[in-house]
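Each remark here refers to the structure printed beneath this line.
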Amino acid sequence: MCGIVGYIGDGNVYDILIKGLHRLEYRGYDSAGIALCAPDGSLNIYKSCGKVSNLEQHCKGKKLDAKVGIAHTRWATHGEPTDNNAHPHYSEDGNIALVHNGTIENYKVLKDALIEHGCTFHSETDTEVLVELIEYIRLKNNCSLVDAVRQALNEVVGAYAIAVIEKSNPDQIIAARKSSPLVIGIGKDEFFLASDATPFVEYTQNVVYLKDEEIAVIKKGEPLKLLNLENEEADVNITELQMSISQLEKGGFPHFMLKEIFEQPDTLRDCIRGRVIDGGKRVCLTGVLDNKEKFLNAKRIVIVACGTSWHAALLGKYLLQDMARIPVEVEYASEFRYSNPVLDDRDIVIAISQSGETADTLAAIQIAKEMGAFVYGISNVVGSSIPRETHSGTYIHVGPEIGVASTKAFTGQVMVLTLLAIAVGRLRGNLSEEEEERLGGYISRIPELVEDVLKLNDKIKHLSLIYTYARNFLYLGRGYSYPVALEGALKLKEISYIHAEGYPAAEMKHGPIALIDAEMPSVIIAPNDHLYEKIVNNVQQVKARQGSVIAIVTRGDTEIANIADHVLDIPEVPECLTPIITSVPLQLLSYYIAINKGKNVDMPRNLAKSVTVE
Ligand code: F6R
């Protein structure tokens with residue numbers, strides 16, 4: 001949801017910022033822009049609608065030498081994605097430039113007041129209000145930029161990660177955050193800042209994650225200084241990154257999404273490392289061990305998440321109810337916050353988020369904490385807001401996910417939920433030692449089983465050609481396969497723009513069956529589980545209405561194989577582990593259909609990877 005990057009040092013400012021923007025483009029790609037303070041004292045700002053490559057074209061032949069700079073790639077909230085609305089925004093006197101990720105909720109009130117003071121505005125953005133407010137305060141109070149930023153932020157309601165530079169004082173960047181991420185990289189005589197660490201991973205491993213309402217004063221040749229909004233100095237805690245440059249490259253794959261699908265054997269290996277021990281016999285999750293009392297006394301679990309993470313959450317319900325026998329409710333984080341939730345200190349709220357920055361999920365966590373619940377986070381991005389805001393939790397450890405459509409994070413989330421269900425089930429005496437050992441054995445083999453499923457790649461690529469021009473799809477599943485159906489449909493929708501619906505297969509007869517005809521393909525997830533015979537009936541019902549069926553079945557299946565138009569077979573695993581296996585062919589199917597349609601799978605229209613606005 002908008003990416004910001006900044007640099008001050010002796011390196012090539014323009015090159016570092018543009019490369020950084022490319023790495024952050026997954027956060028938004030409606031427009032991009034850059035502001036550079038040149039050695040001759042000028043402030044040069046270039047912006048362009050569309051992707052970062054358009055900005056690069058636009059910058060050709062322009063004055064690009066600089067001592068310091070900031071840049072932005074936008075996911076539009078206030079105002080259309082035009083050149084005018086692109087960041088950086090600058091004060092009317094041309095003295096300061098600012099990039100912003102977030103939303104200024106009281107921008108209208110502030111704007112009206114500034115207009116009364118004689119300011120004029122040139123864009124429809126909330127950000128321009130902030131830049132004018134800072135410059136207005138700086139001039140009125142004759143104060144430094146950092147003071148003006150601090151005073152302005154005290155008047156602002158909303159979310160922000162900002163970076164500000166000043167023409168008359170080009171040796172510094174002032175940055176601040178509230179509810180939107182910002183991380184500072186500390187190099188030798190140079191500083192980087194960005195929405196996440198990916199833009200500077202090859203330059204430094206030393207980072208400072210800015211906290212909410214902290215302001216950073218970044219000056220070349222001086223130690224980093226942090227202030228709070230009351231102007232008190234805060235401690236600078238430097239941590240070491242756990243990220244390598246190879247994780248940010250496509251590694252020979254045409255798209256990040258395909259790379260991330262194929263990485264899943266490795267990412268699942270990383271996810272279970274140290275958590276399935278004693279040769280696969282025991283499951284050990286520190287987050288559960290450290291909070292035994294909470295999990296033993298819990299009367300209910302509520303899981304909050306959005307999008308793909310919500311589908312993982314729904315699987316969490318099946319897993320936890322099956323193995324731990326605790327009642328589980330699953331809520332869209334965006335609805336939970338407005339549903340007047342009823343919670344107390346015997347409730348556990350689990351928040352799931354790949355990015356760890358989703359605004360709706362963060363807001364749900366806040367409410368849960370206020371009501372006394374114990375809040376447990378399941379996230380991917382180390383150091384992001386959700387792990388910091390929750391009482392405890394587990395990282396999925398699948399490495400940076402750059403493709404906008406989530407793939408390896410989903411299987412990582414489901415794996416962590418499976419481990420959590422086993423650990424809590426054992427703790428509460430609802431899962432036997434033998435069952436833990438049986439499941440642990442299969443979990444240890446999951447990476448190789450996913451490798452096996454990936455061998456379906458060529459078959460799925462071929463199959464995708466038959467269905468590229470279908471206008472609608474149904475995805476059907478029951479039990480553990482129902483959330484997989486929802487996730488399969490979402491993957492197809494978001495990257496190929498084909499309308500797809502996921503349904504519990506038995507619900508079909510209550511309405512959606514009316515849609516079925518020869519033009520409506522159904523993807524039916526039908527592994528060999530306790531609902532198999534029932535789903536055979538659903539396949540028959542679709543076939544009886546001339547619908548074509550692509551079925552995901554367990555290897556050796558003959559019944560569905562005889563009636564479906566196409567089958568994709570997967571290795572046999574216990575029912576609770578089928579989602580990790582069955583979701584992989586659906587990821588590949590959506591990828592190839594989108595590729596056949598010529599879509600940009602890594603950057604689908606209107607989407608952004610990290611949704612830091614409400
Ligand atoms: C879909 C997708 C989104 C995210 C959702 C939540 O492929 O990626 O639906 O799952 O925006 O994001 P996180 O998990 O970062 O909270």
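Residues whose amide H comes within less than 5 Å of that of Gln172, counting only those at least five positions distant or on another chain, are Glu166 (H built at 1.01 Å from N in the peptide plane). Neighbour counts of C-beta atoms inside 10 Å place Lys51, Lys63, Lys19 in the sequence Lys63, Lys19, Lys51, starting with the fewest. Looking at segment 161-226, the trypsin sites (Lys or Arg not before Pro) that sit in a DSSP loop and have at most 14 other Cβ atoms within 10 Å of their own Cβ are Lys188. As a calculated quantity, the FRET efficiency between Asn596 and Ala514 at R0 = 35 Å, using C-beta atoms, amounts to about 0.80. Relative to the longest principal axis of the Cα atoms of the chain, the long axis of helix 307-324 lies at roughly 50 degrees. A straight line joining the Cα centroids of segment 212-273 and segment 473-506 runs 32 Å. Once you reduce segment 425-469 and segment 92-142 to the center of their Cα atoms, the two points are 53 Å from each other. The angle between the Cα long axis of helix 457-467 and the main principal axis of the chain comes to about 90°, on a 0 to 90 degree scale. Temperature 10 °C, viscosity 1.306 mPa s: under these conditions the Stokes-Einstein estimate for segment 392-469, based on its Kirkwood radius over C-alpha pairs, is 104 µm² per second.
Taking the helices alone, the chain has a mean residue ellipticity at 222 nm of -11000 deg cm²/dmol, built from -39,500 (n - 2.57) per DSSP H run of at least 4 residues and averaged over all its residues. When you filter the trypsin sites (Lys or Arg not before Pro) in segment 320-400 for DSSP loop state and at most 15 other Cβ atoms inside 10 Å of their Cβ, you are left with Arg325, Arg346. A dipole drawn for the chain from +1 and -1 charges on Cβ atoms has a positive end, and of Asn472, Val149, Pro265 the residue lying farthest that way is Asn472.
Once both labels are positioned 7 Å from their Cα atoms along Cα-to-Cβ, the gap between Leu139 and Asn228 label points is 3.3 nm. In plain terms, the bigger the Kirkwood radius, the slower the diffusion; for the chain, with that radius from Cα pairs, at 25 °C and 0.890 mPa s, Stokes-Einstein puts D at 96 µm²/s.
A straight line joining the Cα centroids of segment 311-338 and segment 346-388 runs 14 Å.
Shown is the FRET efficiency for Glu501 and Lys250, computed with R0 = 35 Å from the Cβ-Cβ distance and rounded to the nearest 0.05: 0.65. In plain terms, the chain from Lys211 to Glu434 could stretch by 75.8 nm, reckoned as 0.36 nm per residue minus the Cα-Cα distance. Phi angles of segment 191-204 translate, via the Karplus equation with coefficients 6.51, -1.76, 1.60 and θ = phi - 60°, into HN-Hα couplings of 10, 10, 9, 6, 5, 9, 7, 4, x, 10, 4, 7, 9, 7 Hz per residue; Gly and Pro are given as x. The 3J(HN,Hα) values that the Karplus relation (6.51, -1.76, 1.60; θ = phi - 60°) gives for segment 271-281 are, in residue order, 5, 9, 3, x, 10, 10, 10, 6, x, x, 8 Hz. Gly and Pro appear as x. Extension gain for Arg325 to Asn340 (0.36 nm times residue separation, less C-alpha to C-alpha distance): 2.8 nm. Measuring between alpha carbons in the structure, the pairs from Lys111/Lys140; Lys281/Lys408; Lys19/Lys493; Lys259/Lys408; Lys63/Lys167 lying more than 19 angstrom apart are Lys281/Lys408; Lys19/Lys493.
Remark: the Leu607-Asp83 segment gains 186.7 nm on full extension, using 0.36 nm per residue and subtracting the alpha carbon distance.
Computed over segment 1-127, the range of Cα coordinates on each principal axis works out to 41, 33, 22 Å, biggest value leading. With both residues required to sit in the chain, DSSP beta bridges show an antiparallel share near 60%. Taking the longest Cα principal axis of the chain as reference, the axis of helix 532-543 is set at about 80 degrees. When the GluC sites (Glu not before Pro) in segment 469-556 are filtered for DSSP coil states and for at most 14 other beta-carbon atoms within 10 Å of their beta-carbon, the remaining sites are Glu519.
Readers should treat all values here as calculations from the given coordinates under stated rules, not as data from a laboratory. Everything quoted here is computed from the prediction, not taken from an experiment. Methodologically, a virtual Cβ is constructed for each residue, glycine included, from the backbone with ideal geometry; neighbour enumeration extends over all protein chains shown.
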